[in-house]
Every structure is written in C-alpha cells, then in structure tokens.
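> Please read through the structure below; I'll follow up with questions.
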Amino acid sequence: MQFTRRNFIKATGASVFLPAIVGRAFAAEAGAPLPIPEVMDLGKGNMGELTAQLGRHEFLQGKSTQTAGYSQSYLGPLIRMNRGETANVRLDNTIEEPISVHWHGLHIEGYLDGGPHTPVLSNTPREAALDIEQPASTLWYHSHIMERTGAHVWYGLAGMLWIDDPDAADNGLPETYGEDDLPIVVQDRIFGNDGELVYTPRGPSLMMGYRGSEILVNGAIRPEASVPAGLVRLRILNGSNARIYHFGFEDGRSFHQVGSDGGLLPAPAAMNRLTLSPAERAEIIVDFSDGANVRLMSAEDGNAMGGMMGGMGGGMMGGGNAPVADPSGGFEVMSFSVNQGLTAKVTTLADTIAGAPVPEFGEPVRRRSFRLQMMGSMMSGSMKINGVEMKMDVINEQVRQGDTEIWEVSADEMQHPFHVHGTSFQVLSHRGVAVDSAQIGLKDVVLVNGKAEILVKFDRLADANAPYMYHCHILEHEDAGMMGQFTVA
Ligand code: C2O
Ligand code: CU
Ligand code: CU
C-alpha cells in the first residue's frame, strides 16, 4: 500500500463528530504492557539515523494496521540529547511523499527546525547537526508538511525527544528510564472494522479537529505500566491531533507537576487534575507507595465551536467549552499496577527543584496580535490568523533577534492551542487575569481560551527560506491554514 493522499482520504461513510470514548464497533483489548520506546542516544557525538518508513503494526489483537513511523512501524525512538553538545542525526525517508522531522520545542535555527520548508524527500538522506543549548526538558518531534501534518502524525510520524543537562544540579527526581521515569505519549485514534486507521477530516471533524474513539499510549491501547511502590515520573505528551485531555486518577489522588513544555518548574505543584492540549507536555510525579493499582483517566473534551454547539456556553467569541467534568468519571487512558518486586529508588520529593530554568526576558519592545479565526471556514475550508491563511511564500511577521515582545493571541469560536517555533515563552495573562508563570513554567504551546498574552524572545535566526511557524496545534486547523510564518534576523 502506498502512503498517498488517496489512502488517507479513504471514504468511510462514518460520521466522525466528537466521538465519545464509549461503545466501540469491536472491543479493543486494553492492558497490554506499556511499550517503552527504544532510546536513541545522541549524546557524546553519537550519530543517529531516523528513517521515515511505512509499516504494519498490531494495535488490535489479530489485526494488522497500516502505519508510518521513524525507524520503526509506529512512532519513533525516544531521542535523548545533551545540553552543551551537538546532536548529529541522519534523516532519511523511504515513503513516497515528502515528510519532515520538526524538532518541536528545540531552540535551533530555522533551517534546522524541520518545518514545511525543509522536507526530507523520498530516498534523499540529509544530515542535521543540532546545537543543544537549552534546559533539560521533554520535547518531541513530528512531521510538519504543508497540509499533511495531521495525516502524518495520525499514522505515526512522531516521537519523544528528551534534553538532558549533564551540568545541572541534581534535582532528585526519578530518572531510571522505563522504570520510574516513563515516557507517556497519549493519542486517540479511529480504527475501521478492517483494523485500519481511519483519517477523514471533513465537515465537523475538520472544524472541531479530528478526534479518535480509542486511546493509545506509546502505541498500545490503554496499556498497563508496572511501577515500583515509590515515586514515579510520568513525562506526558499529548500527541493527539485535536483532543484535549483533562487527566486525573480514578481514585482522585493528588500528584505533583514538576515540568512543563520548556523544562522543570522551580517547585512541584500539587494538583489532582491536569489539562493538556495537543502538543503540550507535563512531567508529573505520582506516588505509588501505598501499593494500590490505579487507572489514569480523562474527562471528555468539550472543546467545540460555541456557535455550532448551542447551549455549550461561550458563544461565538472566546470558545464554546463544556464545563470540565471530574476525570475520575471519564474514560480510561491507561493503568498502573504496583510491582513490589521493583525497587523504589525515589521516595521523597523536595520542596524546590534544583536546576529549573531561570527565564531571561528583557523589557518588551513590541506588541503583536494574533487572532485565530474559523469564521467562514465551513464554506471556504480555510482557517486563518489575522485574516489570512498560511501561504508558503508569504512571511507574515519579522522579528529582531534578541528582542523581547508581547504577543497577544485571541481564539475565536473555540479554544486553540497556540504554538510558536524556535523558542520557549512565558504566559503573562489569560482572559485578562495574570498568570503565575513560575507555576506553569516555560511553554511553547498555550491553550488559548478567549485571549492570552505571552512574553517571547527569539535568540536563534530564521530567514525567509526557512522561516519559523506559529500555528494552532489542532492539526486539522493547522493544515487548513491556521498558521503563519516569521523570520528572525
Ligand atoms: Cu509541533 Cu509547528 O509544531
Ligand atoms: Cu513546533
Ligand atoms: Cu485551532
């Protein structure tokens, strides 16, 4: 089978309108062991090789599914890079259409960023040398081709990327990979009765973003992780195209967030619910020392167009969002079973986290506004920012290197996760209310409900041949044009 547009846009007749995570065409088996991705360590001059390829993967028992991945059938290896080093990776592509490897969250120059202007063409390998100069953090990578990002990620062209800082002070957090430091890539998918993935965004599922009826974690359906009876660090990535998760444990237990998109938080933040919109990451510490098995749940995603979903509140401006229900009464994401045979290496969490990045922003010298717009898109099929849809040959904004700016982002009709390439930013305010950025950390995606103000600064360069992007990370919105380009000079 070819990885072509024809196959992606396979007609199914099924209407995909905010499918709820209940009732399935067939019962998918949950509870397989949590897959732990293979590590590709690019530290100390190691050269890695990442090849986009088609594959077949067994998600459903006895059924083989057409997929895509980086050097594996679905998703890619967990890549680790060290701060202060150059990470070298050879990129190749055996798929018969251009793909890319966008390093989401890396502060690297535009020509290395892997956006739509720098595709990896079929069987045309390239080498990338990435200078890593940013704090330890949980990032990811994914394909980012104009109008194709949604399909590419849906079929599997994504993976996690962790930055380690060999010189940072010991933060005391769990760090034994695959034991008490777990990658958790959460995605929702739709499978047809033949076991194939179904990706047919159009009409309402294009407007609201394309959501799945089945939950995968690291490519397995609602898997089970075996954990020690101590503190466990979950590095969660919302790798879904559109779904917003409101996570919580079935027993309502509290946990601590210790990191967000751009690195660690200065202090652990206690909570029992965590909302992550597409592309956001959070590192949380969960205490399993009571030995009880527990399921990670999520409340339903109520993000929909206010104007179309009458009665969901919010109206046409500022997002129509159903109130978030208690996650413990929602759907299962995965489960944890405590294994007394495993040694708990970390049992206490300090009050402050050593090595958390200290934000360095100057006085803002400019203010820009970005209005994410869906108006008229039902008719035209295009979505816009500030009245224009993404055009590969149009540079929308020009930024000066080293300048600090305030970007005011407003989201019409529904909530939009706004992402900026090439930097990490601070959220200043949301809906006019000041945000304590120390609590939420450095970000590269912010879920905008109404209006948000962010403080941004760009240290890396991007010219007009390979500009940076800003866009909505609901991938169907991005592919429909809710994206813009900017240079840094
Ligand atoms: Cu995660 Cu422009 O992308
Ligand atoms: Cu990005
Ligand atoms: Cu959007």
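> Mind ordering 36-43, 422-429, 73-80, 341-348 by average Cβ neighbours within 10 Å, highest first? Write out the running numbers ahead of the final one.
Values: 36-43: 16.5, 422-429: 21.5, 73-80: 23.1, 341-348: 13.8.
Descending packing order for the listed peptides: 73-80, 422-429, 36-43, 341-348.
> Calculate the dipole size of the chain relative to its Cα centre from +1 charges on Lys and Arg beta carbons and -1 charges on Asp and Glu beta carbons; express the result in debye to the nearest 20. Kindly include the intermediate steps, with their values, before the conclusion.
On the way: 36 positive and 58 negative charges, 245 e Å.
Roughly 1180 debye for the chain.
> Continuing with this model, one more query. So what's the back-of-envelope 222 nm ellipticity for the chain, counting only DSSP H runs of four-plus at -39500 (n - 2.57) apiece and dividing by all residues, rounded to 500?
Working: 6 runs with 28 residues, N = 489.
Helix contribution divided over all residues of the chain: -1000 deg cm²/dmol.
> Another question about this same structure. Shape call for the range 311-437 from the C-alpha gyration tensor, a ≥ b ≥ c root eigenvalues: rounded (a/c under 1.5), prolate (a/b greater than b/c) or oblate? Provide the component values of the computation, followed by the final result.
Values: a/c = 2.23, a/b = 1.35, b/c = 1.66.
Oblate.
> Sticking with this structure for a sec: How big is the charge dipole of the range 366-488 about its Cα centre, in debye rounded to the nearest 20, if each Lys and Arg gets +1 on its Cβ and each Asp and Glu gets -1 on its Cβ?
Working: 12 positive and 16 negative charges, 66 e Å.
For the range 366-488, the charge dipole is close to 320 debye.
> For the range 181-338, would you read off the P(r) tail past 21 Å as a percentage of all alpha carbon pairs?
Working: 6008 of 12403 pairs.
Roughly 48 percent, once rounded to a whole number.
> Do me a favour and compute the ellipsoid semi-axes for the range 366-488 from its Cα gyration tensor, root of five times each eigenvalue, largest one first, whole Å.
Working: eigenvalues 94, 74, 23 Å².
Gyration-tensor ellipsoid for the range 366-488: 22, 19, 11 Å.
> Which FRET efficiency, nearest 0.05, do Asp41 and Val394 yield, Cβ-Cβ r, R0 41 Å?
After rounding to 0.05, the efficiency reads 0.55.
> Next up: Over the Cα atoms of the range 95-173, what is the Rg over Rh ratio if Rh follows Kirkwood?
1.04
> Give the percent of DSSP beta bridges with both residues in the chain that are antiparallel, rounded to the nearest 5. Please list the in-between numbers first.
Numbers: 88 of 124 bridges.
Around 70 percent antiparallel, to the nearest 5.
> Suppose R0 equals 45 Å. What FRET efficiency, 1/(1 + (r/R0)^6) with r the Cβ-Cβ distance, do Glu332 and Thr124 give to the nearest 0.05? Display every interim value, and only then the final one.
Values: r = 42 Å, r/R0 = 0.94.
So, using R0 = 45 Å, E works out to roughly 0.60.
> Could you give the spread of the C-alpha atoms of the chain along their three principal axes, from largest to smallest, in whole angstroms?
The Cα atoms of the chain stretch 58, 53, 50 Å along the principal axes, largest first.
> How many nm separate the modelled label positions at Glu29 and Phe361, each set 7 Å beyond the Cα in the direction of the Cβ?
My value for the distance between the label points is 4.9 nm.
> Another question, then. Go through Arg273, Arg281, Arg253 and list them by solvent-accessible area, largest first, probe radius 1.4 Å.
Values: Arg273 115, Arg281 5, Arg253 30 Å².
Sorted descending by solvent-accessible area, the residues read Arg273, Arg253, Arg281.
> With the full set of protein chains in place, find how many percent of the accessible area of the chain is carbon and sulfur; take the probe as 1.4 Å.
C and S atoms contribute 49 percent here.
> Continuing with the same structure: Rounded to the nearest 5, what % of DSSP beta bridges with both residues in the range 124-261 are antiparallel?
Taking every DSSP beta bridge within the range 124-261, about 65 percent pair in antiparallel fashion.
> What do you get for Rg/Rh over the range 373-445 if you use C-alpha atoms and the Kirkwood form of Rh? Don't jump to the answer; show the numbers that get you there.
Working: Rg = 14.6 Å, Rh = 14.6 Å.
My calculation puts Rg/Rh at 1.00.
> Quick one: if you stick a label point 7 Å off each Cα along the C-beta vector at Thr348 and Asp194, how many nm between them?
6.0
> Using a 1.4 Å probe on the protein heavy atoms only, what accessible surface does His57 show? Give it in Å² to the nearest 10.
Answer for His57: close to 50 Å² accessible.
> Another question, if that's okay. Using only the C-alpha atoms of the range 5-164, find the volume of their convex hull and express it per residue in Å³. Walk me through the intermediate numbers first.
Details: hull volume 22.4 nm³, N = 160.
Measuring per residue, one finds 140 Å³ for the Cα hull of the range 5-164.
> Roughly how many Å² is the accessible area per residue of the chain, as a whole number, for a 1.4 Å probe? Don't jump to the answer; show the numbers that get you there.
Numbers: 17790 Å² over 489 residues.
Heavy-atom accessible area per residue stands at 36 Å².
> Could I have the simple spin-label model distance between Asp463 and Ser429, label points 7 Å from Cα toward Cβ, reported in nm to one decimal?
3.9
> Quick one: Cα centre-to-centre distance for the range 42-115 and the range 339-386, in angstrom?
Computed from Cα coordinates, the inter-centre distance equals 22 Å.
> Rounded to the nearest 0.05, what FRET efficiency is calculated for Asp167 and Asn293 with R0 set to 30 Å and r the Cβ-Cβ distance?
Numbers: r = 38 Å, r/R0 = 1.28.
With R0 = 30 Å, the Cβ-Cβ based efficiency is 0.20.
> Dividing the Cα convex hull volume of the range 177-257 by residue count, how many Å³ per residue is that?
Working: hull volume 10.0 nm³, N = 81.
Convex hull of Cα atoms, per residue: 123 Å³.
> Ignoring ligands and nucleic acids, what accessible area does Glu453 show with a 1.4 Å probe (Å², nearest 10)?
40
The values are calculated or read from the model by the stated rules, or taken from the named source; none is laboratory data. Because the structure is predicted, anything quoted here is derived from the model rather than measured. All Cβ positions, glycine included, derive from the backbone under ideal geometry; neighbour counts span all protein chains shown. In case anyone asks, the SASA skips ligands and DNA or RNA and just uses the protein heavy atoms, side chains included. Shrake-Rupley method; radii C 1.70, N 1.55, O 1.52, S 1.80 Å.
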